[in-house]
Amino acid sequence: LFNNLMKHPQFLTDTKLALNETYKQTDVAFLESEKDTYRDDGSTASAAVLVGNHLYVANVGDSRTIVSKAGKAIALSDDHKPNRSDERKRIESAGGVIMWAGTWRVGGVLAMSRAFGNRMLKQFVVAEPEIQDLEIDHEAELLVLASDGLWDVVPNEDAVALAQSEEEPEAAARKLTDTAFSRGSADNITCIVVKFRHDKTESPKIETNAMAESEPELNPTTELEPESNPSTALETESIPKAELESEPDAIPDPKPETEPETKGEKAGE
């Protein structure tokens, strides 16, 4: 994903288009790489790209990106859950079904409605990202990009408070992952924290932050790891329609869950 985005010819001139096409390109390449295997893996993807003072967040799946502005947590992505009303309508219009199996799942298998890979459900589980554009000003303090292993047990507001308690972003990310683990998270916990340095006077640089969480479905022995770069980091996951827009109506769960939600592929183990 990172390499594809950096090579896109319109990365600077039309960043939203570049993100949209890059996500789809990466999905095709991922599916091609697994066509001769018995695997049916997948991955969420949440990417944050800062071009000048414009932040673009592209999301696929149930990872999430939030920004802290003047101490307030603002979600910059909408989790792609099958019971989101718009996602349910899209899946059912394509001939798919969502079923309750501990949580709402596409075909009773996958607990998210968009992802890279997952070729057996590809007709319904698309890799088209939702993208949000936000202008960054001096009220923007930090970004948190994380997989659902964090968000299952750490609310957005808690994440901001914990991240602000540490001066260095790496220490903040470690505190968040440690907190999620201590609270009993039963899923993959991946986190990146980005702190804005508004006192810098040099020219704005292009920054890309993204988080990738692999979703092994039939063979859970390996996981995708996010690529790293000394000056940039890549991450994958989800996007809201607008900064303060409320989440779409969702189908209520038939009964309270008794344990943290798990992925469809894990349920099949």
(message) Using only the heavy atoms of the protein chains and a 1.4 Å probe, how would L110, L12 rank by accessible area, largest first?
(response) L12, L110
(request) If a/c stays under 1.5 just call it rounded; otherwise compare a/b with b/c (prolate if a/b is bigger, oblate if not). Do that for the stretch 70-157, with a ≥ b ≥ c from the square roots of the Cα gyration tensor eigenvalues. (result) prolate
(request) Beyond 31 Å between alpha-carbons counts as too far, so tell me which of K81/K195; K89/K195; K81/K175; K35/K195 fall in that bin. (result) K89/K195; K35/K195
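The values are calculated or read from the model by the stated rules, or taken from the named source; none is laboratory data. Everything numeric in this text was worked out from a predicted model, so none of it was measured. Just so you know, the surface numbers come from the protein's heavy atoms only, side chains and all, with ligands and any DNA or RNA stripped out. Shrake-Rupley method; radii C 1.70, N 1.55, O 1.52, S 1.80 Å.
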